[in-house]
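Visitor: Could you have a look at this structure, given as structure tokens, before my questions?
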Amino acid sequence: MSLEIIQDKCTGCGLCLKACPFGSLSLEMRDKVGAPHPKFKRIVMVDVSCNLCGACVPTCKFEAMKLHRPDEPQPSVNLADFKGIWVYAEQREGVIQDVSFELLSKGRELADARQTDLVAVFLGHNIREKAEELFHHGADKVLLVDHPVLGVFDSDAYTDIFAELVKKHKPEVVLAGGTSVGRTFIPRVAIRVKTGLTADCTGLDIDEKDKLLLQTRPAFGGNIMATIICPNHRPQMATVRHKVFKKQKPDTARKGQIIEEAADLKAGRSKVVDVIHEMTNEINVAEADIIVSGGRGLGGPEKFQLLFDLAHELGAAVGASRGAVDAGWISSFHQVGQTGKTVCPKLYIACGISGAIQHLVGMSSSDMIVAINKDPAAPIFDVADYGIVGDLNEILPMLTKVLKEG
Amino acid sequence: MHIVVCVKQVPGTTKVQINPETNTLIRDGVEAIINPFDENALEAALVLKDTIGAKVTVICMGPPQAESALRETMARGADDVVLLCDRAFAGSDTWATSYALAQGVRALDKVDLVFCGKQAIDGDTAQVGPGVAEFLGWPVITYARKIEIKDQVVRVERVFEDGYEVIEAHLPAVLTTVKEMNVPRMASLKGRMRAKKAAIKLLDAAAAKADVNEIGLKGSPTRVVKIFTPPRKTSGVKVDGSEPLVAARELVAHLRNQKVI
């Protein structure tokens, strides 16, 4: 497979350069036989970073680009053998994570579209009674493995058991939360069962024609969206972050079947010695519905109290920009952005945050963004649905007050 | 001890802007940088080199231009650098990339520890570190923010959503690093001189004993079928906040109206 530039047709207009998401195209001066030459003609060159995605081809008005696709390789397995939509139901210390319920609601749609079962895979120790919650949120079956070794997350043991279950039951689709746990062992499972895995999907749909899972995810910090498929390998696997899909109200009348799988597991090669919770009384920004976030514009660490007061009224988590974290005003657990957490709450209130691109990529997919900043030219206003130009020292206490009044 | 650091060259996205007319990335003047999280991975390896003694090899899969990233790591103190470069690697997804890097590691002298950044800032998948571990058959500890090594056992503080775990693993192992781990050093002048002259080891698919069916597009289970720019948000309203109480009341009314609170 290759991308061919037909030199005679290329005019060196450069339209295709703009379409390339990988920066693989450049304009260079070449002579008639394609050797570098300072004068003759400017044409497009492709470098090795080209991913052969084909985004450039339709932009060429001169039909100078041609993508040569080889015949699709034959599937490595019999695709029809793979049935059922699986969701990895992540529990931590016996508490099922919200992202798993969110995935069950999306998984329910996919399972209905494919007319197949929605199966929750539930790994842990002494967790059987919690399985009911998975039925309430849409699962038809729960595949339960209860084993002492699975009590605390162990990358080796979780990979072993999950890969075994996949090989035995052959699911068509596997979804998992893009949590620190999911992002650690799910990639290993995908490698072991030899299939594709798409990280941090924001859209999951079934293609009407060939019934493939269409996995859409942002790239380059959300500047570009890519839709990815896994045509010849099974299962089709994807991770999804918190809050991307909506959790449904539990239906407590719903029942299902628990299938308990025995497991012969040995403790892995890594051992958890200690678990320390650093954010005990606060809401985790990655899971929050509302986030009140502060940046350098706050002016000092003591001003975060204004945010905590407002957050308390709203039932919100407190976030921070990299500037505020680097200045030592608040711990990095609160950091939102490229080097911090990616969030997509229903409401994001940015206070004294100018809106550097590193921050924007972490929060711009929030449902509603409110910005409070005294600089009317701050880039944060470009992404804000509602901006207030003013002094946050005065506005934040007023907001808290108005909310208290009810 | 032999430590390998995997680095990726990425576009410096701090400068990425969107052309409002075409809705595409403006790439003019976007320089290629070392993935920032990989800088923390390199620093972690260099600290071990300084404290307990180790040979540090940096490996990078990428086009010939990635040589500049490798020279930078050498200027900071890496002993050896390897460029995994072959047209056959083009189009690799995370499965094929993990395989290729693992093959690269296998081609080196006995390795005790592999560091990767927690994720690359262009793809953001965080899949390659665990993937390399899986191909090597080694344990992986992700999101490391502090490490100690004693008697072939590595003790790691691993960050999760609201705290951290202390985990121990026997070497060899793969670790992925977060930014809080350290502050990457600057290159020394002496290092720069050395890096300028140093030969970059090239490893192509054959030299890495990589099966051609497992690399590049052929070895990648996933395919990109569509690339598009997300619909741009229309600009919202901007109000004057010089009357704080009025501004606060209006905002709360708006939020209640929109049913977000």
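Rule-based calculations on the coordinates, nothing more; no lab input. Owing to the predicted nature of the structure, the values given are computational and were not obtained by experimental measurement. Positions of Cβ are generated from backbone atoms using ideal geometry, with glycine treated the same way; all protein chains shown enter the neighbour counts.
Visitor: Counting residues in the protein assembly as shown as N, plug N into 2.2 N^0.38 Å and put the Cα Rg over that result. Before the final figure, lay out the partial values.
Guide: On the way: Rg = 25.2 Å, N = 667, 2.2 N^0.38 = 26.0 Å.
In units of the globular-protein estimate, the protein assembly as shown measures up at 0.97.
Visitor: Something else now. Per residue of B:90-96, what is the mean number of Cβ atoms on other protein chains within 10 angstrom of that residue's Cβ? Provide the component values of the computation, followed by the final result.
Guide: Values: counts 11, 8, 1, 6, 7, 9, 1.
What the average comes to for B:90-96 is 6.
Visitor: Follow-up question, since we're still on this one. Net charge near A:Trp86, counting Lys/Arg +1 and Asp/Glu -1 over other residues with Cβ under 14 Å of its Cβ?
Guide: On the way: positive: A:Lys83, A:Lys106, A:Arg108, A:Arg114, A:Lys141, A:Lys167, A:Lys168, A:Lys170, A:Arg234; negative: A:Glu90, A:Asp117, A:Asp140, A:Glu164, A:Glu172, A:Glu261.
Combined, the nearby Lys, Arg, Asp and Glu give +3.
Visitor: Within 10 Å of each residue's Cβ, count the other Cβ atoms and sort B:Ile147, A:Ile291 from fewest upward.
Guide: On the way: B:Ile147 20, A:Ile291 29.
Ascending number of Cβ neighbours within 10 Å: B:Ile147, A:Ile291.
Visitor: Hey, another quick one. Can you sort B:Ile141, A:Ile43 from fewest to most other Cβ atoms within 10 Å of each residue's own Cβ? Display every interim value, and only then the final one.
Guide: On the way: B:Ile141 26, A:Ile43 20.
Going from sparsest to densest Cβ surroundings: A:Ile43, B:Ile141.
Visitor: Order the peptides B:152-165, A:333-346 from the highest to the lowest mean number of other Cβ atoms within 10 Å of their residues.
Guide: A:333-346, B:152-165
Visitor: At q = 0.23 Å⁻¹, work out log10 I(q)/I(0) for segment A:285-405 with the Debye formula, treating every Cα as an identical point scatterer and leaving solvent out; two decimals please.
Guide: Summing over Cα pairs of segment A:285-405 leads to -1.46.
Visitor: Let me ask another. Restricting to DSSP loop positions (anything but H, G, I, E, B) with no more than 14 other Cβ atoms inside 10 Å of their own Cβ, which trypsin sites (Lys or Arg not before Pro) remain in segment A:171-217? Let's see the in-between values first.
Guide: Numbers: sites: A:Arg183, A:Arg188, A:Arg192, A:Lys194, A:Lys209, A:Lys211; in loops: A:Lys194, A:Lys209, A:Lys211.
Of the trypsin sites (Lys or Arg not before Pro), the ones in loops of segment A:171-217 whose Cβ has at most 14 other Cβ atoms within 10 Å are A:Lys194, A:Lys209, A:Lys211.
Visitor: Subtracting the Cα-Cα distance from 0.36 nm times the residue separation, let me have the gained length for A:Gln248 to A:Ala267 in nm, one decimal.
Guide: Values: separation 19, 0.36 × 19 = 6.84 nm, distance 3.59 nm.
Fully extending the segment from A:Gln248 to A:Ala267 adds 3.3 nm.
Visitor: Regarding segment A:239-299, what whole-number volume in Å³ per residue does the convex hull of its Cα atoms give? Present the calculation step by step, with values, prior to reporting the outcome.
Guide: Numbers: hull volume 15.6 nm³, N = 61.
Expressed per residue, the convex hull around the Cα atoms of segment A:239-299 is 256 Å³.
Visitor: Residues of segment A:115-141 with amide nitrogen under 20 Å from the 7 Å Cα-to-Cβ point of A:Lys255?
Guide: Within reach of a label on A:Lys255, which here means backbone N under 20 Å from a point 7 Å along Cα→Cβ, segment A:115-141 contributes A:117-120, A:128-141.
Visitor: With a 10 Å radius around each residue's Cβ, average the other Cβ atoms per peptide and rank A:59-67, B:171-179, highest first. Can you show the working numbers first?
Guide: Numbers: A:59-67: 15.3, B:171-179: 24.6.
With the highest mean Cβ count within 10 Å placed first, the list reads B:171-179, A:59-67.
Visitor: I need to check one value: relative contact order of segment A:285-405, counting alpha carbon pairs closer than 8 Å and at least 6 residues apart, in percent.
Guide: On the way: 264 pairs, mean separation 30.8, N = 121.
Result for segment A:285-405 is 25 percent.
Visitor: Further, regarding this structure: Tell me the Kirkwood hydrodynamic radius of segment A:218-363 in angstroms, computed as one over the mean inverse distance between distinct C-alpha pairs. Mind dumping the intermediate values first?
Guide: Values: mean 1/r = 0.0545 Å⁻¹.
Computed over Cα pairs of segment A:218-363, the Kirkwood hydrodynamic radius comes out at 18.3 Å.
Visitor: Same structure again: Taking neighbour counts of Cβ atoms within 10 Å as a proxy for exposure, in what order, fewest first, do B:Met186, B:Met74 appear? It would help to have the intermediate numbers written out before the result.
Guide: On the way: B:Met186 10, B:Met74 23.
Ranking B:Met186, B:Met74 by Cβ neighbours within 10 Å, fewest first, gives B:Met186, B:Met74.
Visitor: Rg and Dmax in Å for segment B:24-95, alpha carbons only: what are they?
Guide: So, for segment B:24-95, Rg and Dmax equal 14.3, 48 Å respectively.
Visitor: Looking only at the protein assembly as shown, where both bridge partners belong to it, what percent of the DSSP beta bridges are antiparallel (to the nearest 5)?
Guide: Working: 54 of 129 bridges.
Taking every DSSP beta bridge with both residues in the protein assembly as shown, the antiparallel ones total about 40 percent.
Visitor: Would you mind counting up the charge near A:Thr195? Only other residues with Cβ under 14 Å from its Cβ, with Lys and Arg at +1 and Asp and Glu at -1.
Guide: +2
Visitor: Another one. Please compute, for peptide B:182-194, the average count of beta-carbon atoms on other protein chains lying within 10 Å of each residue's beta-carbon.
Guide: Values: counts 0, 0, 0, 0, 0, 0, 0, 0, 0, 0, 0, 0, 0.
Rounded to a whole number, the mean comes out at 0.
Visitor: Normalised by the number of residues in segment A:79-260, what is the relative contact order in percent for Cα pairs under 8 Å and 6+ residues apart?
Guide: Working: 396 pairs, mean separation 52.0, N = 182.
The normalised contact order for segment A:79-260 reaches 29 percent.
Visitor: Work out the mean other chain Cβ neighbour count within 10 Å for the residues of A:196-206 and drop it here as an integer. Before the final figure, lay out the partial values.
Guide: Values: counts 8, 8, 7, 7, 5, 0, 1, 0, 0, 0, 0.
Shielding by partners across A:196-206 averages 3.
Visitor: Which GluC sites (Glu not before Pro) from segment A:198-267 combine a DSSP loop assignment with at most 12 other Cβ atoms within 10 Å? Working shown, then result.
Guide: Values: sites: A:Glu208, A:Glu260, A:Glu261; in loops: A:Glu208, A:Glu261.
Listed in order of number, the matching sites are A:Glu208.
Visitor: Further question on the same structure: Based on the alpha-carbon gyration tensor of segment A:79-260, what equivalent-ellipsoid semi-axes (square roots of 5 times the eigenvalues) come out, in whole Å, largest first? Don't jump to the answer; show the numbers that get you there.
Guide: On the way: eigenvalues 107, 66, 55 Å².
Each semi-axis is the square root of five times an eigenvalue, giving 23, 18, 17 Å.
Visitor: On a straight-distance basis, which lysines could pair with A:Lys39 in a cross-link, Cα separation under 26 angstrom, same-chain partners fewer than 8 positions away excluded?
Guide: Reachable lysines: A:Lys9, A:Lys18, A:Lys61, A:Lys66.
Visitor: Cα centroids of segment A:195-268 and segment A:321-356: how far apart, whole angstrom?
Guide: 27
Visitor: Mind ranking A:168-178, A:305-315 by how tightly packed they are, going by the mean number of other C-beta atoms within 10 angstrom, highest first? Intermediate results must be reported in sequence, preceding the final value.
Guide: Working: A:168-178: 22.9, A:305-315: 18.5.
Packing proxy ranking, top to bottom: A:168-178, A:305-315.
Visitor: Just to confirm my numbers, what's the Cα centroid distance between segment B:157-199 and segment A:4-42 in Å?
Guide: Between the Cα centre of segment B:157-199 and that of segment A:4-42, the gap is 39 Å.
Visitor: Would you work out the relative contact order for segment B:2-214, in percent, from Cα pairs under 8 angstrom that are 6 or more residues apart?
Guide: On the way: 442 pairs, mean separation 55.2, N = 213.
Over segment B:2-214, the number comes to 26 percent.
Visitor: Cα extents of chain B along the three principal axes, largest first, in whole Å?
Guide: 68, 41, 40
Visitor: Tell me, Kirkwood radius of segment A:2-68 from alpha-carbon pair distances, in Å? Spell out each step's value before the answer.
Guide: Working: mean 1/r = 0.0843 Å⁻¹.
It is 11.9 Å.
Visitor: Net charge near B:Pro184: determine it from the other residues with C-beta under 11 Å of the C-beta of B:Pro184, scoring Lys and Arg +1 and Asp and Glu -1. Intermediate results must be reported in sequence, preceding the final value.
Guide: Numbers: positive: B:Arg76, B:Lys179, B:Arg185; negative: B:Asp38, B:Glu39, B:Glu43, B:Glu72.
Summing Lys and Arg as +1 and Asp and Glu as -1 gives -1.
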